Amino acid sequence: MGLSQRYRDAWESYWRETSDAPGEAIWDSDPSLTAIPHCAILLPHADPSLPVIDLGCGNGTQTRYLATRFARAVGVDLSQAAIEHARRADTAKVAEFEQLNLVDGEAVRELSARVGDTHVYMRAVIHQSEPQDRPAVAGAVATLLGERGRAFVVELTSGSKTVLQQAAAAPGGPPAKLRRVFDHGLKPAGAADDEVPRLLGEAGLRIIGSGDTTLPQTEYLADGTRMELPARWFVLAPV
């Protein structure tokens with residue numbers, strides 16, 4: 001199984017045309033709004049002496065925070081341009097970054113062999129993946145956990161579509177950061193609400209906690225409020 005060239009190109013072009021400025025990517029929110037509260041949920045279930053891998057790390061903002069909470073942090077992303085952003089931003093060299101296609105099972109197993117049992121942090125990757133690739137993405141989480149790892153996975157719910165549609169229909173069109181997502185052919189909130197837990201279970205993952213949340217964005221709506229996309233989080237363990 002392999003990712004479509006269109007999908008690869010869309011992400012590569014998006015990150016190539018994104019500057020190093022913090023928050024230019026719409027999802028590049030400060031860790032205080034994302035990784036910090038997410039770690040508060042994950043850490044009671046997770047051994048911090050194990051590494052953590054940030055799947056779909058983008059420019060590495062969350063990975064750098066994860067490096068302060070776990071023994072080792074590795075950020076991986078499909079886009080080589082994103083990885084280059086992440087390496088430039090990590091001036092203190094607290095984390096490691098590498099390009100990885102989560103649909104490439106052999107590459108995922110090779111990473112697992114190098115890192116060993118690891119925790120996984122994955123924020124809004126399944127919903128952005130093409131439908132035929134989503135089982136492989138969930139399977140990558142299970143492979144990387146091994147026997148001792150735990151995962152924090154958070155994915156957009158169908159309520160996000162309403163927020164995005166309303167923002168896109170605003171006078172003057174969608175705000176600039178959201179427009180860039182659409183212009184590059186990226187399609188947020190693509191997975192159905194019942195699809196994510198089903199895929200996780202079919203991948204051999206056990207849900208040990210879940211709840212509703214939002215994913216704060218770096219974009220603001222016409223009324224000046226921050227765009228927050230409805231989501232659901234899961235803490236996962238190997239079956």
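The values are calculated or read from the model by the stated rules, or taken from the named source; none is laboratory data. Just so it is clear, the model here is predicted, and its values are computed rather than measured. When we count neighbours, we look across all protein chains shown, and the Cβ atoms used for this are built from the backbone with ideal geometry, even at glycine.
Condition check ((1) out of contact with any strand residue (DSSP E or B) (no Cβ under 8 Å at 6 or more places or on another chain); (2) within 29 Å of Gly146 (Cβ to Cβ); (3) assigned to a strand (DSSP E or B)) across all residues:
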{"residue": "Pro188", "(1), (2), (3)": "no, no, no"}
{"residue": "Pro197", "(1), (2), (3)": "no, yes, no"}
{"residue": "Leu200", "(1), (2), (3)": "no, yes, no"}
{"residue": "Ile207", "(1), (2), (3)": "no, yes, yes"}
{"residue": "Thr213", "(1), (2), (3)": "no, yes, yes"}
{"residue": "Gln217", "(1), (2), (3)": "no, no, yes"}
Q) In the stretch 53-108, what count of residues is obtained for those that are more than 14 Å from the chain's Cα centre (by Cα) and assigned to a loop (DSSP other than H, G, I, E, B)? A) 14
Q | Close pairs from the stretch 215-231: first farther than 14 Å from Pro174 by Cβ and modelled with pLDDT of 90 or more, partner assigned to a strand (DSSP E or B) and hydroxyl-bearing (Ser, Thr, Tyr), Cβ under 9 Å, at least 6 apart | A | Arg226/Thr218; Arg226/Tyr220; Glu228/Thr214; Pro230/Thr213; Pro230/Thr214; Ala231/Thr213; Ala231/Thr214
Q: Please indicate, with yes or no, whether at least one residue in the stretch 179-194 is closer than 21 Å to Asp28 by Cβ, touching a residue at least 24 places away in the same chain (Cβ under 8 Å) and aromatic (Phe, Trp, Tyr).
A: no
Q | Residues (surrounded by 16 or more Cβ atoms within 10 Å (Cβ to Cβ), within 19 Å of Pro216 (Cβ to Cβ), touching a residue at least 60 places away in the same chain (Cβ under 8 Å) and not aliphatic (A, V, I, L, M)) located in the stretch 5-38 | A | Thr18, Glu24, Trp27, Asp28, Ser29, Thr34, His38
Q: Answer yes or no as to whether Glu228 is closer than 30 Å to Gln5 by Cα, of a type outside the set (A, V, I, L, M, F, W, C) and out of contact with any Phe, Trp or Tyr (no Cβ under 6 Å at 6 or more places or on another chain).
A: no
Q: Output the number of residues of the stretch 119-166 satisfying the condition of being under 16 Å from Val108 (Cα atoms), charged (D, E, K, R) and assigned to a helix (DSSP H, G or I).
A: 2
Q) So how many residues does the stretch 135-144 have that are crowded, with 24+ Cβ neighbours inside 10 Å and of a type outside the set (Val, Ile, Thr)? A) 3
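Any residue at all in the stretch 207-216 that's among the small types (Gly, Ala, Ser) and either buried (at least 16 other Cβ atoms within 10 Å of the Cβ) or under 21 Å from Arg134 (Cβ atoms) (or both)? Quick ask: steps written out before the conclusion?
Filtering the stretch 207-216 down to residues among the small types (Gly, Ala, Ser) leaves 209-211.
Filter once more, keeping what is either buried (at least 16 other Cβ atoms within 10 Å of the Cβ) or under 21 Å from Arg134 (Cβ atoms) (or both): 210.
Yes, because at least one residue in the stretch 207-216 is among the small types (Gly, Ala, Ser) and either buried (at least 16 other Cβ atoms within 10 Å of the Cβ) or under 21 Å from Arg134 (Cβ atoms) (or both).
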